[in-house]
Amino acid sequence: MIRILIVEDHGMLRDALESLLNAQDDMEVVGGTDSVAKAPELCEKLNPDIVLMDIITSNNSSGIYTNGIRCTTEIRRKLPDIKIVIMTGLPDINFAEDARKAGAHSFIKKDMGIDHLLFVIRSTMKGTGIYPGPDNSPFSNKFTEREIVIIRLICKGMGRGEMAKILNISEAMIKKQITSILNKTGFDSIGKFAIFAVSQGLVTPEIH
């Protein structure tokens, strides 16, 4: 039986994954959390075989964003026998290399479907890591954690002042981050980028 811990801040998705995985004869979900910050402690407590790790989770009450890559490094250092599958719902952003360097065994995009996820879980348990092939899209450049948050806020229609307040940074820093985003994507306007990203389904504006 493959014991699985789910780290995912979208409650409905977490519940759906739990139901689907528990329906498998060879899998059991032993726990779940909405924040990667809680994952190391749960790993020590529950001793799962595999952690399905969302790339970024947020804490609704504090507004603090936590990074699955850093958490993966911590878990691999403390509990090297636990295997980690990184998940991302941001197909425009390539975290695969960072995940590999952090010690994640496999990497999956959430839009791949449950059959692919089951394949990845079983392959990972057998010792075969699964990573996506080279990404030649205009969005293969890597964004920072803060840039990802800003992209989502922009796609929600927020201005620099609102974003600065939410992130507790200056508007000048917001401007600097936006410039970096444009340099990485080749767009000359953040508005054009936001419209394109949402229209193509590359970015989900909602933050949970």
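The values are calculated or read from the model by the stated rules, or taken from the named source; none is laboratory data. Nothing here was measured: the structure is a model prediction, and the numbers come from that model. So basically every Cβ, Gly included, is an ideal-geometry build from the backbone, and we count neighbours across all protein chains shown.
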In segment 42-76, the residues that are modelled with pLDDT of 95 or more and of a type in the set (Asp, Glu): Glu44, Asp49
Just checking, which of Glu8, Glu41 is in the same structural domain as Arg100 (by TED's automatic domain parsing) and under 16 Å from Arg76 (Cα atoms)? Glu41
Pull out all pairs, ordered by first then second residue, where Cβ-Cβ is under 7 Å, the residues are six or more apart or on different chains, the first lies in segment 25-38 and is among the β-branched types (Val, Ile, Thr), and the second is at pLDDT 95 or above and in a loop (DSSP other than H, G, I, E, B). Val30/Pro48
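Go through segment 80-99 and count every residue that is surrounded by fewer than 16 Cβ atoms within 10 Å (Cβ to Cβ) and under 29 Å from Leu182 (Cβ atoms).
Of segment 80-99, the ones surrounded by fewer than 16 Cβ atoms within 10 Å (Cβ to Cβ) are 80-81, 97.
From what's left, under 29 Å from Leu182 (Cβ atoms): 97.
So the count comes out to 1.
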Scanning segment 158-188 for residues that are in a loop (DSSP other than H, G, I, E, B) and either modelled with pLDDT under 85 or touching a helix residue (DSSP H, G or I) at 6+ places or on another chain (Cβ under 7 Å) (or both), which turns out surrounded by the most Cβ atoms within 10 Å (Cβ to Cβ)? Phe187
Restricting the search to segment 136-157, which residues are more than 18 Å from the chain's Cα centre (by Cα) and either at pLDDT below 80 or under 18 Å from Ile56 (Cβ atoms) (or both)? Asn136, Ser137, Pro138, Ile154, Lys156
Would you please name the residue that is modelled with the lowest pLDDT, looking only at residues in segment 1-17 that are surrounded by 15 or more Cβ atoms within 10 Å (Cβ to Cβ) and within 14 Å of Pro48 (Cα to Cα)? Val7
Residues that are part of a loop (DSSP other than H, G, I, E, B) and at pLDDT 90 or above, drawn from segment 77-123: Leu79, Pro80, Asp81, Ile82, Gly103, Ala104, His105
